[in-house]
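What follows is a single structure, written as structure tokens, with notes after it.
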Amino acid sequence: MTVSGAQLQEYIATLDYPVSREDLVRWGQENGVGTELLQVLRLLPEESFDSSAELSEALNPLG
């Protein structure tokens, strides 16, 4: 099963923040995220995201 962008958005909404890029990549690997989406997660800055809005904002230019 490949995780879609919509499923990623649902996941983002349920996270306990702050969350790091490494946490997101690990989640992607464990949940069958497609290669393209996994590459997008790896392009995120090496920082912690304090909210779903902050994370979504960081993902927008990458997707």
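Assorted remarks:
- Top-ranked residue of the stretch 32-41 - restricted to ones that are touching a Ser or Thr at 6+ places or on another chain (Cβ under 9 Å) and within 18 Å of Ala13 (Cβ to Cβ), ranked as surrounded by the fewest Cβ atoms within 10 Å (Cβ to Cβ): Leu37
- Per the listing Leu24, Leu44, Leu55, the residue uniquely surrounded by 16 or more Cβ atoms within 10 Å (Cβ to Cβ), part of a loop (DSSP other than H, G, I, E, B) and at pLDDT 85 or above is Leu44.
The values are calculated or read from the model by the stated rules, or taken from the named source; none is laboratory data. Owing to the predicted nature of the structure, the values given are computational and were not obtained by experimental measurement. Positions of Cβ are generated from backbone atoms using ideal geometry, with glycine treated the same way; all protein chains shown enter the neighbour counts.
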